[in-house]
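Take a look at the structure set out below.
Bear in mind that the values in this text are calculations on the coordinates, not laboratory data. In this text, all values refer to a predicted model and were calculated from it rather than measured experimentally. Please note: Cβ atoms are built from the backbone with ideal geometry, for glycine as well, and neighbour counts cover all protein chains shown.
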Amino acid sequence: MPEIGAVVHAASLRAGSIAPGSLVTIFGRNLGRRALAGAEATFTLGGCAVRICDAPARMFFASNRQLNVLVPWAAAGNNECDLVVRTLRLDGAGEAVSAPVRIKIEPAAIVLFEFRLSREDGVPVAPGLYLPVITDA
């Protein structure tokens, strides 16, 4: 049976309010049957699927201990809702379903992916330089 240990922002790996359209990481045990990364987000990956606010969540990565998913836009308008992981059973006898985890939903949550820039010789880029951010908004 899948066991959800934590639901965090995929960018910061910190817990907090989740917003529709944001990327989250689910940590736990027995989540996916095998490690897979999808070139395109799909509703099932690695033998599992995730539902948030009873809507399917698109998945980008699945493994036994981690899932990366996109919070569905159907979560908008909810203050909180349940997140559930469904995994196909190895014996082929249906699926195993996690206990629901209650998550708080916010209209918006701004979290940035953090990474360190360095030159080719490994020396960090000097503070104060600007990093362009491109969005589709």
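Scanning segment 1-15 for residues that are part of a loop (DSSP other than H, G, I, E, B) and surrounded by fewer than 15 Cβ atoms within 10 Å (Cβ to Cβ), which turns out farthest from the chain's Cα centre (by Cα)? Filtering first and then ranking leaves 1. Against the test of being aliphatic (A, V, I, L, M) and surrounded by fewer than 21 Cβ atoms within 10 Å (Cβ to Cβ), the options 49, 55, 75 yield a single qualifying residue, 55.
Kindly check whether there is at least one residue in segment 26-47 that is under 18 Å from residue 107 (Cα atoms), assigned to a strand (DSSP E or B) and either over 13 Å from the mean Cα position of the chain (by Cα) or touching a residue at least 24 places away in the same chain (Cβ under 8 Å) (or both).
Scanning segment 26-47, I find no residue that is under 18 Å from residue 107 (Cα atoms), assigned to a strand (DSSP E or B) and either over 13 Å from the mean Cα position of the chain (by Cα) or touching a residue at least 24 places away in the same chain (Cβ under 8 Å) (or both), so the answer is no.
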